[in-house]
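Working notes for the structure below.
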Amino acid sequence: MRLSTGIPALDELLGGGLLQGRLTVVVGATGIGKTQLGVQFAHAGRSQEGHAGIIFDMTARGDSQSHDEYARRMFDWLLTPAMAVAAPPLDDFFNPHRRHGDFLHAFNRRGKRVTRNDLDFDAWHEWRAEVTARLNATIAFFYGNFVQGTRRVVIDGVEPVGRPSDSIQLELFDYVYHQILRKDADWVARDLFRERFSTFADQVAKSHYDHEQIGCLLLYTSAEAMLDDLIRRPLDEGDVLANANTIIQLGKIRDGQRVRRALHVAKHRGSAASHDIVPYEITTHGLQLA
């Protein structure tokens, strides 16, 4: 089973699409088209699985990633926000008519980077405390959508850092990926319901989903803008790139007197893939490969 990216020409480069239950990282500088690609991937779930994907935004600065704007313009898709501050009431959690939201912003935007180097000791620990306080709402967002049939996730807003250990966003991603996306559904439910798990045990069993079917697309902002520089970048740099099943690089190339956008599939384990450098354009409908 392959997951379509929402771009047929890119699916062809990937030997049919992305593999289920694996991590795909899209790497590129700000403004290169990562968010549009993420929205296309999420929307493709509507036709392939019958449920659109969900978007988890870890942006911490004031500039919005504009997921709702892109979704509305590209697909006439109105994204519904999820509650970010506290977990929703649990008594009707399994109501099939209940909406758990299409996207969730992990942080209150404060107009500044959140890395160990950018914050003093107290501010860094305040951010870590905020992440901890929002974990239950985060678990509820993912689990609630998964039990209703969602099988693809887009995670956006990761900023470049010198060392991965300096990034609170990568720390949160590591938790989400390993403790929610790659964890058996029953154990995710235990983390959510905690001491009330026995109350919901029957509903949890009836709503079981296979976490190996969930595809994750991580949009990772790079300091490098030129595609050649990204191609030269070591693929084992940091746990995210090393553990990714697929890496798609988006960058700029020189074409005579012009600078164009192009992409390159740097890694695609378990499948044949084209290693061509393929130009693309950003249109009102998203990325379109040449």
> When only residues in the range 203-248 that are charged (D, E, K, R) and touching a strand residue (DSSP E or B) at 6+ places or on another chain (Cβ under 9 Å) count, which is nearest to GLY31 (Cα to Cα)?
Replying inline: GLU224
> In the list LEU192, LEU217, LEU227, LEU181, which residue meets the criterion of being crowded, with 22+ Cβ neighbours inside 10 Å and in contact with a His (Cβ under 8 Å, 6 or more places away or on another chain)?
Replying inline: LEU227
> Can you pull out the residues in the range 260-290 that are touching a residue at least 60 places away in the same chain (Cβ under 8 Å), β-branched (Val, Ile, Thr) and surrounded by fewer than 14 Cβ atoms within 10 Å (Cβ to Cβ)?
Replying inline: THR284
> So which residues in the range 265-288 are of a type in the set (Asp, Glu) and within 20 Å of the chain's Cα centre (by Cα), if there are any at all?
Replying inline: none
> From the residues in the range 165-176 that are in a helix (DSSP H, G or I) and crowded, with 19+ Cβ neighbours inside 10 Å, which one is modelled with the lowest pLDDT?
Replying inline: ILE168
> Residues of the range 52-61 being at pLDDT 95 or above and part of a loop (DSSP other than H, G, I, E, B), which ones?
Replying inline: ALA52, GLY53
> How many of the residues in the range 258-275 are within 20 Å of GLY6 (Cβ to Cβ) and outside any strand (DSSP E or B)?
Replying inline: 3
> Of all residues in the range 242-259, which are exposed (fewer than 15 other Cβ atoms within 10 Å of the Cβ) and over 21 Å from the mean Cα position of the chain (by Cα)?
Replying inline: ARG254, ASP255, GLY256, GLN257, ARG258, VAL259
> Identify, please: which residue in the range 122-161 is modelled with pLDDT under 75 and among the small types (Gly, Ala, Ser) and is, among those, surrounded by the most Cβ atoms within 10 Å (Cβ to Cβ)?
Replying inline: ALA123
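The values are calculated or read from the model by the stated rules, or taken from the named source; none is laboratory data. Nothing here was measured: the structure is a model prediction, and the numbers come from that model. Note that we place each Cβ from the backbone using ideal geometry, even for glycine, and neighbour counts take in every protein chain shown.
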